[in-house]
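Here the structure comes first, spelled out in structure tokens, and everything after it is commentary.
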Amino acid sequence: MDKISAPVPDAWEELVTSALLGTARRTPPGLAPGAEAPVALLDAAAVETVRRRAGLRPTRAAQRPQPAPEDTRPPLPAAAARRLAMLLADRPGTGGGGRRGTAPDLMELLPQWLATANARGYAAPPQLLPVLLDAARGRTDLRPAALAFAGSRATWLARLNPDWRFALRATPGGGTALPSPQDTEGVRRLWEEGLFAERVALLSAIRAGEPAAARELLATTWATERAEDRLMFLDSLRTGLGADDEPFLEQALADRSRNVRATAAELLSALPGSALAARMAVRAGACVAVDHTQDRPTIVVEAPHECDSGMERDGVVAKAPSGRGERSWWFGQLVEAAPLGVWPGRLGGRTPEEIVALPVADDWRNELHAAWCRAAVRQRDAGWARALLGTPAAPEAGGPGAVSLAERARLLSTLGSAERAEWVAAFIATHGLSEAFQLLGVCGVPWAAPLGRAVVDALNIARDAGSYPWSFSGVMGLAERCLDPAEAGRLEGLMAVPDEGEDASPGAGGYWAEAFQRLVTTLRLRATMAQELGVE
Amino acid sequence: MTQQGVRWTADQVLALAPDSASRKAGSKLGAAGPWSEAGSSDEGTVWGLCKGSGSKPYQTVIDIADAAGPAYKCSCPSRKFPCKHALGLLLLWAGGEGAVPPGPTPDWAEQWIEGRRQRAQEKRTAGAAGSAAGSGDPEAARRRAERRAVRITAGATELEQRLADLLRGGLAGAEQAGYGMWEETAARMVDAQAPGLAARVRELGVIPSSGPGWPVRLLEECALIHLLDQGWLRRERLPDGLASTVRSRIGLPASADGPAIRDRWLVLAQYDTADARLTTRRIWLHGTDSGRTALLLSYGAAGRAPELALPVGLELEAEVSAYPGTGQLRAALGEQFAPPTPTATRPPGVTTEQAAARYGEALRDDPWLDSVPVTLDRVIPVPDGDFWQLADAEGDSALPLSASARSRPGLWRLVALSGGAPVKVFGECGHRGFTPLTAWPEGAGEAVPLC
């Protein structure tokens, strides 16, 4: 180092240029050329390198992002925050997994954890937002709950990271805060100038609080909206649908777009007091009557012979899908849209149960009952739903009957959760688990005690019958998520490996014990999770 | 202090896992289901029986109070260390008192703990006696050291020749010459028993393909190797401290013979880097009384986690001694007086301006230093085009984040934690930028590891 002379200013640039070209071609100014030049260059470069590094200074701060809005929700209890980190660490594709084994599938518990945390109104720990957003990115079913929990800081983050753009799309207003319904000017401006998604979000938000205000807002621009937008906007009226929506919907029945007309008609038919419902009642009533000339009273059906313009205007779709008779197609739509309340008067003052029990002439039974099922669901009529569901223990409830399992599941959803659970419990007690999956899906979580007991008993019977547990993996998975953790104690006896029966499948007993262990482990974990979230 | 009072967090437990598969498997076992007879003692022992696929449950026991982080014993056949059962049990313990209640230690756990503590005691006494007796023949050791010095001198001289040839022909040629030339030179330095030089030379090989500005970086690194060569060749004329630094940069072994500093050491960061042969773990400590920062290095064979594990947010009362060299931060962990326990203590911080100055000053003692450990107070992560920086909450200064920090998931943890508000950030600050390793939210809240 003692040999170097002071390099000229801008020395570093000169050194780099000389180094690139080689001292054989170019000697840096201030250094002696010749055999010693490379070493002199290295000496000078070493001094400059250390000088440059030692002289490093901070740069100018760039434009700072607007800080994320403050999350005013209370912070998660520490144990719950740790649990969330653990649930999120269990990402799919990180190896292992599968349905076997006794350890719980943590990712499956995340939706429930999020629902509980949201119900308790906790704020998400900020440092977990990236993993939470990554998880929601991979699983669309998780998004609504995950984003609600993640709160405004997640949308703030999503604006900085394109991987999380979905959070902006999924959040009302694309992350910009919606004006409050009282902010008339802000609402008007967003409604008139906003992007489509923002306008839908605005309309839904207002509809949730003040149904009439939303309808009036929609009416201000209705005539100028595009057909597909009108359809989406109209759909938002489903929330808080009431009698005072009728004039608006009646007017939409004359819409240029057929889809808009059909949606308006559907909404009107869900209002049993509406003029459309009354018109449908007349039309449907004309098709159904009781024939007293038979041995016992029998329903006879005379399906409409044509689909007139009045029917079309009220939303009846004239063209039948291929494979269906036109007349039965029209008939089904009329009965579906007619208020259920007209039938007792029309059919001899009978109760719904008595009506459903009446024989139906000429193979019209399935068509008629299916239409009543759709009407009961649309009009949320529990009385009719109960009648159509029938008794769960009836032999035909388990197999193909007038009412399919899918329709039963929809009918069940109109009943209160306790009644629903009781019906499904009785169904399982009679028919076992093989048909019950769909019905279990509409039951409230955690399962009510009688339902849980029925499922566990049925699993126990299936085990004794000697089949493998994976024939019931769907129900097992549901049970892990839905069984009340308080039931864990009742399962203790099932965790032991039973003696192998003669007609049992080889090894089944061990697999059942494993499956029940897994069930118990998961239930315990759920109980702990609930405790951590402050649920007693 | 009892173990029951302060439990580790799940993050701290998961930081012990040797790989992500173990982390996942351990998480699943961190629930009460498969465990029976789990318990813990005030002395820092946690035990439990875990139901596996066999008829006999595995016996798992952990000594959390061990000086070098937890020690584990499990009767399962896994060769991973710690195994998933140990991780699961620790998670259960971290979860709360309910699942792992305090109680008397069962015999099978007690036996292992006793055996361990006894062996550790014997080792300490034997170690003390051994070092007093000195190691082998000092004359032979001196001759070995001299022979090695001669070989290193030959290697350094050869490397100087190669660097001079490179500069004479021009760096532009290095782009075509490719990696092979550097690999060969690095192998020559290994033969010369100068592993530090070998590693630096190997790094030169990657620079020409490292993107825009590579000639500058190549010249810088060549110049620093030249500086190191020259330092070695004239080591007799250097002040003692700088000579030690040169020796350690060349790769000569040294022992941590600095005075033992007893302090309450806060674990600021722990992270691993791995190549095909070796996993290196770096643990940054901050002495809460002395204000000193120390670096503990530990190594694991390929694919295995190093044994020393001190998760972020713990504090341990221990002695630490520095390795030779001025401004040397590397230290060895000595005697430990209390087991690591979680703490809410945070290190004091500086501004970005002060952090940059600190790096500059540290280069006086060690010009080959890439970065220094610093805690930044009240900084905000700010996007700057494709880059990120940490900007002072008050004032206009900012430190750019290093390229490696930008590609880590920890960046987003940091951004999320900040939310545009000031945070406290510990990291490594140097000529490549700032690499954040740990952050603390402005209000109350635990340390968040970013690495």
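The values are calculated or read from the model by the stated rules, or taken from the named source; none is laboratory data. Please read all numbers here as calculations on a predicted model, not as lab measurements. FYI the Cβ positions are ideal-geometry reconstructions off the backbone, even for glycines, and counts take in every protein chain you see. Please note that ligands, DNA and RNA were not included when accessible areas were found on the heavy atoms of the full protein model with its side chains. Shrake-Rupley method; radii C 1.70, N 1.55, O 1.52, S 1.80 Å.
Results, tabulated for the structure shown:
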{"quantity": "Selected residue [within 23 Å of A:A148 (Cβ to Cβ) and of a type in the set (K, R)] from A:R207, A:R226", "calculated": "A:R207"}
{"quantity": "Test: A:E367 is of a type in the set (D, E) and within 25 Å of A:W470 (Cα to Cα)", "calculated": "no"}
{"quantity": "Region B:84-94: number of residues that are open to solvent by 10 Å² or more (accessible area, probe 1.4 Å) and under 13 Å from B:A15 (Cα atoms)", "calculated": "1"}
{"quantity": "Qualifying residues in region B:431-451 (those that are among the aliphatic types (A, V, I, L, M) and within 11 Å of another protein chain (Cβ to nearest Cβ)) - the one most open to solvent (accessible area, probe 1.4 Å)", "calculated": "B:A444"}
{"quantity": "Given (1) open to solvent by 50 Å² or more (accessible area, probe 1.4 Å); (2) assigned to a helix (DSSP H, G or I), number of the condition A:R296 does not satisfy", "calculated": "(2)"}
{"quantity": "Search result, residues across region A:200-214 that are of a type outside the set (V, I, T) and either open to solvent by less than 30 Å² (accessible area, probe 1.4 Å) or more than 16 Å from A:R230 (Cβ to Cβ) (or both)", "calculated": "A:A201, A:L202, A:L203, A:A205, A:R207, A:A208, A:G209, A:E210, A:P211, A:A212, A:A213, A:A214"}
{"quantity": "Test result for A:Q251, surrounded by fewer than 21 Cβ atoms within 10 Å (Cβ to Cβ), polar (S, T, N, Q) and without any contact (Cβ under 8 Å) to a residue 60 or more places away in the chain", "calculated": "yes"}
{"quantity": "Residue that is surrounded by the most Cβ atoms within 10 Å (Cβ to Cβ), among those in region B:406-430 that are more than 11 Å from chain A (Cβ to nearest Cβ) and free of Cβ contacts under 8 Å to residues at least 40 places away in the same chain", "calculated": "B:R406"}
{"quantity": "Of all residues in region B:369-396 being outside any strand (DSSP E or B) and either hydroxyl-bearing (S, T, Y) or under 27 Å from B:L295 (Cβ atoms) (or both), the one that is most open to solvent (accessible area, probe 1.4 Å)", "calculated": "B:D370"}
{"quantity": "Residue list for region A:402-433, restricted to those being within 24 Å of A:G493 (Cβ to Cβ) and in a loop (DSSP other than H, G, I, E, B)", "calculated": "A:G432, A:L433"}
{"quantity": "Selection status of B:W368, within 30 Å of B:R247 (Cα to Cα), of a type in the set (F, W, Y) and more than 7 Å from chain A (Cβ to nearest Cβ)", "calculated": "yes"}
{"quantity": "Residue tally, condition among the polar types (S, T, N, Q), farther than 30 Å from B:V448 by Cβ and not in a helix (DSSP H, G or I), over region B:219-271", "calculated": "1"}
{"quantity": "Sole exception among (1) over 28 Å from A:L478 (Cβ atoms); (2) outside any loop (DSSP other than H, G, I, E, B); (3) open to solvent by 60 Å² or more (accessible area, probe 1.4 Å) for A:R386, by number", "calculated": "(1)"}
{"quantity": "Members of region A:21-43 found to be buried (at least 20 other Cβ atoms within 10 Å of the Cβ), within 15 Å of B:L171 (Cβ to Cβ) and within 9 Å of another protein chain (Cβ to nearest Cβ), listed by number", "calculated": "A:G22, A:T23, A:A37, A:P38, A:L41, A:L42"}
{"quantity": "Residue in region A:441-455 that is crowded, with 16+ Cβ neighbours inside 10 Å and under 29 Å from A:V335 (Cβ atoms) present", "calculated": "yes"}
{"quantity": "Residue list for region B:319-347, filter: within 30 Å of B:D396 (Cα to Cα) and either open to solvent by less than 50 Å² (accessible area, probe 1.4 Å) or among the charged types (D, E, K, R) (or both)", "calculated": "B:R346, B:P347"}
{"quantity": "Count - residues of region B:138-178 that are over 33 Å from the mean Cα position of the chain (by Cα) and within 11 Å of chain A (Cβ to nearest Cβ)", "calculated": "14"}
{"quantity": "Qualifying position, being surrounded by 15 or more Cβ atoms within 10 Å (Cβ to Cβ) and modelled with pLDDT under 90, among A:S269, A:S309, A:S322", "calculated": "A:S269"}
{"quantity": "B:V350 more than 9 Å from chain A (Cβ to nearest Cβ) and crowded, with 19+ Cβ neighbours inside 10 Å", "calculated": "no"}
{"quantity": "Members of region A:57-81 that are open to solvent by less than 70 Å² (accessible area, probe 1.4 Å), facing chain B (nearest Cβ under 8 Å) and either farther than 28 Å from A:L533 by Cα or assigned to a loop (DSSP other than H, G, I, E, B) (or both)", "calculated": "A:P58, A:T59, A:A61, A:A62, A:P65, A:A68"}
{"quantity": "Filter result (assigned to a loop (DSSP other than H, G, I, E, B), modelled with pLDDT of 80 or more and closer than 19 Å to B:L224 by Cα) within region A:1-27", "calculated": "A:G22, A:T23"}
{"quantity": "Within region B:397-446, tally of residues that are part of a strand (DSSP E or B) and of a type in the set (S, T, N, Q)", "calculated": "3"}
{"quantity": "Any chance A:L494 is modelled with pLDDT of 80 or more and of a type in the set (A, V, I, L, M, F, W, C)", "calculated": "no"}
{"quantity": "Sole residue being assigned to a helix (DSSP H, G or I) and among the hydrophobic types (A, V, I, L, M, F, W, C), chosen from B:L16, B:L89, B:L49", "calculated": "B:L89"}
{"quantity": "Every residue from region A:220-243 that is aliphatic (A, V, I, L, M) and surrounded by fewer than 12 Cβ atoms within 10 Å (Cβ to Cβ)", "calculated": "A:A223, A:A243"}
{"quantity": "Output for region B:276-308, where each listed residue is under 17 Å from B:G427 (Cα atoms) and not in a loop (DSSP other than H, G, I, E, B)", "calculated": "B:R281, B:R282, B:I283, B:W284, B:L285, B:H286, B:G287, B:T293, B:A294, B:L295, B:L296, B:L297"}
{"quantity": "Count of residues meeting criterion [buried (at least 16 other Cβ atoms within 10 Å of the Cβ) and over 20 Å from A:D381 (Cα atoms)] in region A:272-287", "calculated": "2"}
{"quantity": "Within region A:116-135, considering residues that are free of Cβ contacts under 8 Å to residues at least 40 places away in the same chain and more than 14 Å from chain B (Cβ to nearest Cβ), the one surrounded by the most Cβ atoms within 10 Å (Cβ to Cβ)", "calculated": "A:N118"}
{"quantity": "Boolean, B:A274 is touching a residue at least 12 places away in the same chain (Cβ under 8 Å), open to solvent by less than 40 Å² (accessible area, probe 1.4 Å) and under 19 Å from the mean Cα position of the chain (by Cα)", "calculated": "no"}
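Conditions tested, residue by residue: (1) within 11 Å of chain A (Cβ to nearest Cβ); (2) under 27 Å from the mean Cα position of the chain (by Cα).
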position	(1), (2)
B:M189	no, yes
B:A192	no, no
B:P212	no, no
B:L219	yes, no
